[in-house]
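Below you'll find the structure, written out as structure tokens, and then a few comments.
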Amino acid sequence: MPVLPPLEWRRPSQVNPAVPDIIEVAADGPRVLIRSSLGLAVRNSPGAFADFIRAAKAGEYDNLLPTAP
């Protein structure tokens, strides 16, 4: 069985040290993987990942961000 190269997981350049996990992404051939540093990865098509990034940039998930106390 061929040995596959390890995935190159990418993390945000700035993270909140008070948050226990980090969202990471990696390319796996034609798929994009998203994972929490605490759990398993989810495979997505490049198109689905692009839609997610566009929505995040447009602020569609801003209501999920924690609010300042």
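The values are calculated or read from the model by the stated rules, or taken from the named source; none is laboratory data. Because the structure is a prediction, the values reported are computed rather than measured. Don't worry about glycine lacking a Cβ; one is built from the backbone with ideal geometry, like all the others, and counts go over all protein chains shown.
Residues of region 17-51 being in a helix (DSSP H, G or I) and closer than 21 Å to LEU7 by Cα, which ones?
Within region 17-51, PRO46, GLY47, ALA48, PHE49, ALA50 qualify.
Specify which of the listed residues (LEU40, LEU64, LEU7) is surrounded by 13 or more Cβ atoms within 10 Å (Cβ to Cβ) and either more than 13 Å from the chain's Cα centre (by Cα) or modelled with pLDDT under 90 (or both). Give the steps one after another, and end with the answer.
Working: LEU40 fails: surrounded by 13 or more Cβ atoms within 10 Å (Cβ to Cβ); LEU64 fails: surrounded by 13 or more Cβ atoms within 10 Å (Cβ to Cβ).
Result: LEU7 is the single residue among LEU40, LEU64, LEU7 that is surrounded by 13 or more Cβ atoms within 10 Å (Cβ to Cβ) and either more than 13 Å from the chain's Cα centre (by Cα) or modelled with pLDDT under 90 (or both).
If you check GLY59 against the conditions, is it assigned to a loop (DSSP other than H, G, I, E, B), without any contact (Cβ under 8 Å) to a residue 60 or more places away in the chain and among the small types (Gly, Ala, Ser)?
yes
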